[in-house]
Amino acid sequence: MSTRYNARASEPKWQKIWEDRQSFRTRNDDPRPKYYVLEMFPYPSGRIHIGHGRNYVMGDVVARFKRMKGFNVLHPMGWDAFGLPAENAAMERKVHPKQWTYENIEAMKAQLKLLGLSLDWSREIATCDPSYYAEQQKIFIEFLKHGLVYRKESEVNWDPVDNTVLANEQVIDGRGWRSGALVERRRLAQWFFRITAFADELLAALDDLPRWPEKVRTMQKNWIGRSEGARVFWPLEGVPGDPGYRLEIYTTRPDTLYGASFCALSPDHPLTRKLAEDDAELRAFIADCKHVGTSAEAIETAEKKGYRTALRARHPFIEGATVPVYVANFVLMDYGTGAIFACPAHDQRDFDFAKKYGLPILPVVAPKDVAADAGKRAAWAAALPAGDEAYTDDGVAINSGFLDGLDVEAAKRAAIERLKADGAGEGTVNFRLRDWGVSRQRYWGCPIPIVHCEACGPVPVPEKDLPVELPEDVSFDVPGNPLDRHPTWKHVDCPQCGKPARRETDTMDTFVDSSWYFARFASEPGSAPLGREAADHWLPVDQYIGGIEHAILHLLYARFFTRGLEKCGRLSVKEPFGGLFTQGMIIHETYKDTEGRWLFPEDVERGEDGKVRKIADGTPVTVGAPEKMSKSKKNVVPPEVVADSYGVDCARWFMLSDTPPERDSEWTQGGVEGAWRLVQRIWRLVGEAGERARLIPPAGTPKPESFSAEAEALRRAVHQAIAAIDENIEALRFNVAVANVYELVNAVASAAGTASWKAETFDRSLGWAFREALETLVLLIGPMMPHLAEEAWQTLGHDALLVDSAWPVADPALLVEDSITIAVQVNGKRRDELTIARDADQATVERAALALEKVEKAIDGKAVRKVIVVPGKIVNIVV
Ligand code: ANZ
Ligand code: ZN
């Protein structure tokens, strides 16, 4: 056996063996308990780098670990393959989106395979494959039948120069990304998923997801945004032709009604539109409001603007009092009722608005101590409007008639009671969550399976005609939706009455594709794409792993879809992901040459002096702080580069070892080299077994009846490592498991150093313990460094593959502490520590200390003059 482990030869060899033997192929009828581990599937955007690999490696460790623990593991992979970048590539580089996508899939698949991931590739899916989206179209129609899909008018971003609808991400600072034109908002009839039907359930069930990060649950809670408040009717004076008009508003602060200073309508409110019919100035104001993107963020950050109408609103509590009615750009049509009453003293937006338009600011809530004192109260109430901040904290009602003296909560209740009694309103619950608009005016997405007929309206495409496939002969030379321009595709006969009709040319939001793919993976190749039995067997996913950027939308949509499928009788579970883990990113330094151009890490080197230079010409390089790996800054490391040098096991090890998995981890050359040293060290230990094969008993030798103290100490270290690594992988504390492996390697190395490897004096029980230790070590690193582990397993004399072997079980008797840890110094300087049997004799301690790697390094080949052992405390080596 060669002394160096050759990853470049070994890694492809084992990958081929696993593939030939279909080691990771999963059968649904396997009787072992199931375990489903899934990483968020990638978008095929081009090439992957090591930064993308971390979550796949984490998932792979879990998959391999659970397999060894006796589970029937499902660990699939696929491609979130529809989306805008493919269309952009088509426009910019004149390649068809399909070609671009499949080329990327092929390249990325090869890269993922390089990482040695234990995936069941037989279940691979691409969401752009008609066999995938056929089922999605069926689901769409089922959801439609169950009232979970509907059509309504909604706004889109419209680019008036390119004459096309823009996605939110194509609106940059209110302008179209290509044309630079000011974006307008247009109303179009679009399809919606009724996610709000499950608003309550989706919120309540978050409490039943203990294996989700608290942070993600909080983000979802806030997104669903349940609030309790009131609907209040304000009779309006001056509505043309409708003297009895009552404006319905939503408020969470009915306790502040006495501080009302105006009412405001959304620019999209039906009343606004009615008023605009005979008001050119209002029409201009509305048009102006529309030059802001449709995203809530764009609307919230825009400057607050209002238009004062001639209407007045009658206060529900104060006899004879009225306030003016504005149209304001910050009032959203799709929240509450699209109209508000404003209390500037206690709401910052209203405060800013009131200051801008010179409207009254009357404080009606004061801090408790202020409210209790008439003098303080007056001074406080006078000061507030002069400042620039609304008072939004808790307090007690003042200047509020029958509410005076009540705290905020009590005042809310009293106000609601009175509104109800007067028929002027009622308490209500409101959600921030909106129904999910899924219509996209794009080509590279799943076609919406609907035909529009003048006589019958929108008609679902009959099941026998599914899938509605995307036509391939499309052009991207002009902006807009190629499906709409296609000469024939949209012209079909109505499935209901047979008259000429028109296909829906919108496609679905790509978030739809990723809302059920985890259920699709449950089916074996060749069987029904969403078989109930298969889905019920595998779902929920036991461990889902992905980026925090998907904490809200993707996870919420997937949760909605699962509930929808359950409602349609396609599934029995309601939650898709039992456990969720959000991993940190891999970051890397950035490099720039003298002309300010970014450089790849492989093009620079760090000299002895610590300075970084360009390899090609030795010119100096400016080093920037570590950042998220990104193509644009070139601070990326492709998996090929690591595979060709240290091997992917080193990359895997490093990704797991450096920091807690939820935190960002910096990729460094030194870190990978450290992993490489460990690989070689483990290999040497296993190799020693080869050389000393005469002394170490062969695999399968029965356990001796008794063990020497040294053997016992080694066995303790081994079994403690089993227990610790088992627990830490189970809890996804990979970095701690890595530290446990280092400890075990040290223990095995010092046992090897201590043993007398001569046939006459050889301790047979230690020999047995030594084999146990090596085999266990190799099994324990199996999930993390699978290639090295297979190679070592074979070297240790096993015919079966390590991936088919069982995870070791710790002997509880050996977990009780009977060893001590003592410091080891060289010339008075602490170099390492030694864990050894409490009753080990002086000579044994001495030999074990000298065998430690760090100690060996510190001695550096010099002659050892003296070894002083202070029992139970310290070993000092003098050289
Ligand atoms: C009067 C008031 C007084 C309000 C006060 C707040 C503070 P959340 O908590 O998010 O539910 N609002 C209601 N509908 C709106 C819409 N369509 N667009 C913009 N703003 C809207 O917020 C509810 C509050 O946001 C409501 O309570 C309303 O302002 C405003 F001291 O009513 B409040
Ligand atoms: Zn028809």
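The values are calculated or read from the model by the stated rules, or taken from the named source; none is laboratory data. Just so you know, these numbers come straight off a predicted model, no measurement behind them. Ideal geometry is used to build each Cβ from the backbone, glycine not excepted, and the neighbour counts take in all protein chains shown.
Return the residues of the stretch 331-346 that are among the hydrophobic types (A, V, I, L, M, F, W, C), farther than 16 Å from residue 390 by Cα and near ligand 1 (Cβ under 6 Å from one of its atoms); say none if nothing qualifies. I'd like the intermediate steps shown before the answer.
Our first condition is that a residue be among the hydrophobic types (A, V, I, L, M, F, W, C); within the stretch 331-346, this holds for 331-333, 339-343, 345.
Subsequent filtering for residues that are farther than 16 Å from residue 390 by Cα retains 331-333, 339-340.
331, 332, 340, listed by residue number.
Just give me the residues in the stretch 536-589 being of a type in the set (A, V, I, L, M), surrounded by 22 or more Cβ atoms within 10 Å (Cβ to Cβ) and under 13 Å from residue 36 (Cβ atoms), in sequence order.
Scanning the stretch 536-589 gives 539, 541, 545.
Taking only the stretch 449-476 into account, find how many residues are away from ligand 2 (no atom under 13 Å from the Cβ) and in contact (Cβ under 8 Å) with a residue 24 or more places away in the chain. So that I can check it myself, show each step before the final result.
Filtering the stretch 449-476 for residues away from ligand 2 (no atom under 13 Å from the Cβ) gives 449, 463-476.
Okay, now just the ones that are also in contact (Cβ under 8 Å) with a residue 24 or more places away in the chain, so 449, 463, 465-470, 472, 474, 476.
Of the residues in the stretch 449-476, 11 are away from ligand 2 (no atom under 13 Å from the Cβ) and in contact (Cβ under 8 Å) with a residue 24 or more places away in the chain.
Got a number for residues in the stretch 25-73 being at pLDDT 95 or above, in a helix (DSSP H, G or I) and either at positive phi or of a type in the set (Lys, Arg) (or both)?
Here the count works out to 3.
Quick check on the stretch 840-858: of everything there that is surrounded by fewer than 17 Cβ atoms within 10 Å (Cβ to Cβ) and of a type outside the set (S, T, N, Q), which residue is farthest from residue 821 (Cα to Cα)? It would help to see each step written out before you state the result.
So in the stretch 840-858, the residues surrounded by fewer than 17 Cβ atoms within 10 Å (Cβ to Cβ) come out as 841-843, 853-854, 856-857.
With the extra rule that they be of a type outside the set (S, T, N, Q), the set shrinks to 841, 843, 853-854, 856-857.
Details: 841: 14, 843: 16, 853: 16, 854: 16, 856: 18, 857: 20 Å.
For the stretch 840-858, the residue satisfying everything is 857.
Every residue, every condition in (1) free of Cβ contacts under 8 Å to residues at least 24 places away in the same chain; (2) within 22 Å of the chain's Cα centre (by Cα); (3) part of a strand (DSSP E or B), yes or no:
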residue: 157; (1), (2), (3): no, no, yes
residue: 185; (1), (2), (3): no, no, yes
residue: 189; (1), (2), (3): no, no, yes
residue: 207; (1), (2), (3): yes, yes, no
residue: 216; (1), (2), (3): no, yes, no
residue: 220; (1), (2), (3): no, yes, no
residue: 230; (1), (2), (3): no, no, yes
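Can you tell me which residue among 232, 239 is surrounded by 15 or more Cβ atoms within 10 Å (Cβ to Cβ), on the phi < 0 side of the Ramachandran plot and within 11 Å of ligand 1 (Cβ to nearest atom)? Step through it out loud before you land on a result.
Working: 239 fails: within 11 Å of ligand 1 (Cβ to nearest atom).
Only one candidate passes the filter, namely 232.
If you take the residues in the stretch 491-508 that are of a type outside the set (Asp, Glu), more than 29 Å from residue 83 (Cβ to Cβ) and loosely packed, with under 15 Cβ neighbours inside 10 Å, which one is nearest to ligand 2 (Cβ to nearest atom)?
My answer is 497.
Does the stretch 513-522 include one or more residues that are buried (at least 17 other Cβ atoms within 10 Å of the Cβ), more than 16 Å from ligand 1 (Cβ to nearest atom), basic (Lys, Arg) and farther than 16 Å from residue 441 by Cβ? Before you say what the answer is, go through the steps one by one.
Applying the first criterion (buried (at least 17 other Cβ atoms within 10 Å of the Cβ)) to the stretch 513-522 yields 513-522.
Add one more test, that the residue is more than 16 Å from ligand 1 (Cβ to nearest atom), and what stays is 513-522.
Checking which are basic (Lys, Arg) leaves us with 520.
Imposing the further condition that a residue be farther than 16 Å from residue 441 by Cβ reduces the set to 520.
Yes, some residue in the stretch 513-522 is buried (at least 17 other Cβ atoms within 10 Å of the Cβ), more than 16 Å from ligand 1 (Cβ to nearest atom), basic (Lys, Arg) and farther than 16 Å from residue 441 by Cβ.
When the residues of the stretch 1-24 are filtered to those that are hydroxyl-bearing (Ser, Thr, Tyr) and either on the phi > 0 side of the Ramachandran plot or part of a loop (DSSP other than H, G, I, E, B) (or both), which remaining residue is modelled with the highest pLDDT?
My answer is 23.
Please find, within the stretch 639-674, the residue that is modelled with the lowest pLDDT out of those that are more than 26 Å from residue 108 (Cα to Cα) and part of a helix (DSSP H, G or I). Steps first, answer last, please.
Looking only at the stretch 639-674, we keep the residues that are more than 26 Å from residue 108 (Cα to Cα), and these are 659-660, 670, 674.
Narrowing the set further to residues that are part of a helix (DSSP H, G or I) leaves 670, 674.
Numbers: 670: 88, 674: 93.
Here the residue is 670.
Within the stretch 28-44, identify whether any single residue is over 18 Å from residue 545 (Cβ atoms), out of contact with any strand residue (DSSP E or B) (no Cβ under 9 Å at 6 or more places or on another chain) and in contact (Cβ under 8 Å) with a residue 60 or more places away in the chain, and answer yes or no.
No, every residue in the stretch 28-44 fails to be over 18 Å from residue 545 (Cβ atoms), out of contact with any strand residue (DSSP E or B) (no Cβ under 9 Å at 6 or more places or on another chain) and in contact (Cβ under 8 Å) with a residue 60 or more places away in the chain.
Give the number of residues within the stretch 234-250 that are in a strand (DSSP E or B) and more than 42 Å from the chain's Cα centre (by Cα). Don't jump to the end; show me each part of the working.
In the first step, residues of the stretch 234-250 are kept if they are in a strand (DSSP E or B); the result is 234-237, 246-250.
After this cut, where a residue has to be more than 42 Å from the chain's Cα centre (by Cα) as well, the list is 234-237, 246-247.
The number of residues fulfilling the criteria is 6.
Quick one: would you say residue 165 is among the aliphatic types (A, V, I, L, M), within 30 Å of residue 443 (Cα to Cα), touching a residue at least 60 places away in the same chain (Cβ under 8 Å) and out of contact with any helix residue (DSSP H, G or I) (no Cβ under 9 Å at 6 or more places or on another chain)? Outline the logic, then answer.
Numbers: among the aliphatic types (A, V, I, L, M): yes; within 30 Å of residue 443 (Cα to Cα): yes; touching a residue at least 60 places away in the same chain (Cβ under 8 Å): yes; out of contact with any helix residue (DSSP H, G or I) (no Cβ under 9 Å at 6 or more places or on another chain): yes.
The answer is yes for residue 165.
Within the stretch 830-870, how many residues are over 46 Å from the mean Cα position of the chain (by Cα) and of a type in the set (Ser, Thr, Tyr)?
Of the residues in the stretch 830-870, 1 are over 46 Å from the mean Cα position of the chain (by Cα) and of a type in the set (Ser, Thr, Tyr).
Looking at the stretch 752-777, which of its residues are assigned to a helix (DSSP H, G or I) and at pLDDT below 90? Talk me through it step by step, then tell me what you get.
Taking the stretch 752-777 first, the residues assigned to a helix (DSSP H, G or I) are 752-754, 764-777.
Within the stretch 752-777, 752, 753, 754, 764 qualify.
Working only within the stretch 36-66, note down all residues that are small (Gly, Ala, Ser) and over 23 Å from residue 627 (Cα atoms).
Within the stretch 36-66, the first condition is being small (Gly, Ala, Ser), and the residues that meet it are 45-46, 51, 53, 59, 63.
Selection gives 59, 63.
Here are the criteria: (1) surrounded by 19 or more Cβ atoms within 10 Å (Cβ to Cβ); (2) at pLDDT 95 or above; (3) charged (D, E, K, R). Tell me which single one residue 159 does not satisfy.
For residue 159, the failing item is (2).
Specify which of the listed residues (677, 681, 694) is touching a residue at least 12 places away in the same chain (Cβ under 8 Å), part of a helix (DSSP H, G or I), of a type in the set (D, E, K, R) and on the phi < 0 side of the Ramachandran plot.
On the way: 677 fails: touching a residue at least 12 places away in the same chain (Cβ under 8 Å); 694 fails: part of a helix (DSSP H, G or I).
Every option except 681 fails the conditions.
Mind counting the residues in the stretch 819-858 that are among the polar types (S, T, N, Q) and under 25 Å from residue 682 (Cβ atoms)?
The first filter runs over the stretch 819-858 and keeps only residues among the polar types (S, T, N, Q), leaving 819, 821, 825, 827, 835, 842, 844.
In the following step, the residues that additionally are under 25 Å from residue 682 (Cβ atoms) were identified as 819, 821, 835, 844.
Final tally of qualifying residues: 4.
Only residues in the stretch 723-737 that are closer than 13 Å to residue 655 by Cα count as the first member; pair them with residues that are assigned to a helix (DSSP H, G or I) and of a type in the set (Val, Ile, Thr), Cβ under 6 angstrom, at least 6 apart or cross-chain, and list the lot.
Final answer for the pair search is 737/725; 737/729.
Among the residues of the stretch 201-219, count how many are under 24 Å from residue 150 (Cβ atoms) and within 16 Å of ligand 1 (Cβ to nearest atom).
1
Within the stretch 321-336, can you find the residues that are modelled with pLDDT of 95 or more and not hydrophobic (A, V, I, L, M, F, W, C)?
Those that are modelled with pLDDT of 95 or more and not hydrophobic (A, V, I, L, M, F, W, C): 322, 324, 326.
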